[in-house]
Structures are given as structure tokens and as C-alpha cells.
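Everything on this sheet refers to the single structure shown next.
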Amino acid sequence: MAILQTLLETGESVPHGACMGWRPELISLHVVSDVIIAASYLSIPIVLAVFVSRRPDMMFGWVAWAFATFLVACGLAHLLDIWTIWYPHFAAEGLAKALTAVTSLATAVVLWPLLPKALKIPSADELRRAVEALRLQIRERDLALKALEREREERRRAEDMLRQAQKMEAIGQLTAGIAHDFNNLMTAVIGNLERARRLLPQDGSRQLARAIRGAALGAERAGVLTHRLLAFGCRQPLAPNVMNVNDVLEHLADTLRRTLGGTIRVVSNLTFDLWPTKVDADALESAILNLAVNARDAMPEGGNLVITTRNVASGDVLISELGLASGDYIEIAVADTGLGMSEEVASRAFEPFFTTKQLGEGSGLGLSQAYGFAVQSDGTAVLDSTPGEGTTVKLYLPRAQVAAAPAPARSFAPGLLTNAAACP
């Protein structure tokens, strides 16, 4: 305390103004300069304090506080320079300069070790490049996630198709086995009924003759049923020929216009340059007729039945999605504007004996026969249906690599559509 008191005593000290001879121009020059310097030194720490307080994430923020302390000390030293022009308080001025010296030295000491770290801070260009690289990585990740999602969806769809194909194959094998045994039994029944009819005396009972005829008719219908079951199980013998199916479909469309009724409009939209295919014409007609009957039953108040054909090249993604062997195919689509099916019904539409109709109104073998015919012809069948909008069944048949042979004209019995099996 004694040392501090000794320092603060002015004694015979003369203020700086006396050293300047109290010349106004010199005093004004020093005062104005020191005021400006002090104001600057004292305002910069305020800016630093606001910046650091609002940016707590800034690196080396404590250095800014140290630098602000140094600037405050410098500002105070310049204010005391102004004071000592009139008052010889040189000790206070010296203490302010000592404080400035300490803070400046401390700031310098902490700044030098930080220089290598500060030089490692990325520049603005480096940060922009890093941000751009990060954006590119995010974009690539998003694309990879989308590709993974598509792959999962494709795998799920493929698994569903595989399960459906396995189910249909199992049902087909079971159905074909039963149908084969049942057909053998019905052959024996029909043969014995024919033998009983021949052994019946000419003057025999008419009631017995009618009973034999009724039993024979029922046996023949049972034979037709087994024929359709064998078609679904791919056991029906086919006689395929190379042809342009447009010839069969054009004649069949004319027949459908005459037999389906006036409330149903039959439209054929056949591709002019349709590729040839090798199929059994009778089985093809039976499949299309079954689809037409199904469409008629789905349009009780009338509507449109559209038969369309087109070529499907080997590069079409549809071929791989359907699980078909690589190659060219033709597509036969039968579409109606009827009631449509729910997703649950559509998933079972190709199963034999599955029907949504009342008992006795349908056998549930129409779509299964069409599916079996397409599979046995090395193709497939798919169904697309929307409730209230209609149903479309598409048959895919492989392209034949030989020239198409003209299909013979065919005739149809008047009651063919009435007796054809209806689908679900």
C-alpha cells in the first residue's frame, strides 16, 4: 500500500500540457487522436462480445474474450493519456499501461500455440466442396434406398407369383389325377349304359329307356367336366397348329355378336401384323368362349366386351415379371365393363370350382380351363379386375418361328354359349 501511495503522489510532476508549452494546436491534436483511438478500442470489444455470445459454436471463442480485454486496457490507457495533459497522474497512466502490457502479453502467448490449429481450419472453398460432397453422398444414399425398396417390392411380387404358381401347380396335379380316374370310371359307366341300351328289348319299358338315356346324357356331361379339369391340369391332349389367332378371333367375335344378346356390344381390336403362334384352335375357342360367358354374366345390364391382340417383344419387362421364358409372345385380352371382382376373389379366380355364383349357376371351371390351356401352350394367363369397373383376362402365348398357316373356318352350335362353363 505504501508503494502504491508513493506512486500516486504527484509531487513536483508537471502535466504533459506544460511539456507542450500549452500550445492549443498540439493539445488538440493529442486529445482528438486519443479520443478516436480510445473510442475504437472500447467499441471493438462490444462487437466481439456480441458475436461470441450469439455464436457459442465458434472455435476458440475464449481467445476473442482475451482480445477484448486487451482492447479495453488499450482504450483506458489512451483516456489516461488525455487526462495527464492537464493532471500529472502519471502513476495511474503507468498502471493502465502495465495492465495493457499484461493483457497483450497474455493474448500473444495464447495466440501463437493456436496458430497451427487455426491454419488447419477449412477455408470457405473447402467447406463448400465438403458440403457438395456430402450432398452427393446423401443423393447416392437416397438413390440406393429407392433401389433397395424397388428390389424388395420386386422380390415380394416375385415371391407372391411363385407361391401362386406353386399353389396352382399343386391344385392342377390334384385335379388332373382326380379327373383322370373319374374319366376312367365314367368311360366304364357310359360303356355299360350303351350295352344296357342295346340289350333292352324293342318292346321294352319306355321309362327304362328314358332312364338309360338320361343316365347316358349325365355321363356325357360328366365327361365334359373331366375334359375341362384335365385342361386345367395340363393333361388334356392338344393338337397345336401354327396359325394367326386373329383368324379364329374374328370368326368367334361374329358368333359372339349373334349369341350374347343385344345389350352386349362385342368389339374386336386385333393387331394387323400379329405374330403367328402354335396352339390348339379348339382349346383356344373354348378358352375365349368361357371368358366371354364369364363377361356376359358380369354384365347383367349390358356393356362392352372388347377382344384385343398385340405383340409383346422379348425385351418387354412384362415377360420377366410374368416369369415367362425369354422370347416373343402374343397377347390376347378379353375385357368387359361389368361388376369386376374384389382383390380376394381375383386372387382365387383361376382355381377350379371356385365361383361366386349361386349353386347350379356355374361350375367354376371357365377361368381355370383358360389358365390351363395357356400354361399347357407354354404361356400363361393373368387377370386384372377392379370392382365396379370391369375385368380383363390376358392370355400370353409364345410366338411361332414359322410362317402362319391359314386357320380353317369353324362353325358353332347354337347352344354352345349356353352350355359353356361359366367362370367365377
- Amide proton proximity set for R265, modelled H, under 5 Å, gap of 5+: G303, N304, L305
- Tally Lys and Arg at +1 and Asp and Glu at -1 over the other residues with C-beta under 10 Å from the C-beta of A333: what net charge comes out? 0
- Please sort 48-55, 337-344 by packing, taking for each peptide the average over its residues of neighbouring beta carbons within 10 angstrom, highest first. 337-344, 48-55
- Message: Taking θ = phi - 60°, what integer Hz values does the Karplus form 6.51 cos²θ - 1.76 cosθ + 1.60 yield along segment 43-53, in sequence order, with x for Gly and Pro?
- Response: 7, 4, x, 5, 4, 4, 5, 5, 5, 5, 5
- Phi-based couplings in Hz for segment 280-297 (Karplus 6.51, -1.76, 1.60; Gly and Pro marked x): 8, 4, 5, 5, 4, 4, 4, 5, 5, 5, 4, 5, 5, 5, 4, 5, 4, 5
- For segment 35-142, what size does the Cα cloud have along each of its three principal axes, sorted from largest down, in whole Å? 75, 25, 20
- Derived scalar couplings ³J(HN,Hα) [segment 336-350; Karplus, 6.51 cos²θ - 1.76 cosθ + 1.60; whole Hz; x for Gly, Pro]: 10, 10, x, 6, x, 10, 6, 4, 5, 5, 4, 5, 10, 4, 7
- Query: segment 114-157 to segment 265-339: how many Å between their Cα centroids?
  - Reply: 49
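Quick note: the coordinates plus some simple rules give every number you see, no bench work behind them. Being a predicted model, the structure only gives us computed values, none of them experimental. Quick reminder, even Gly has a Cβ in these numbers, built from the backbone with ideal geometry, and neighbours come from all protein chains shown.
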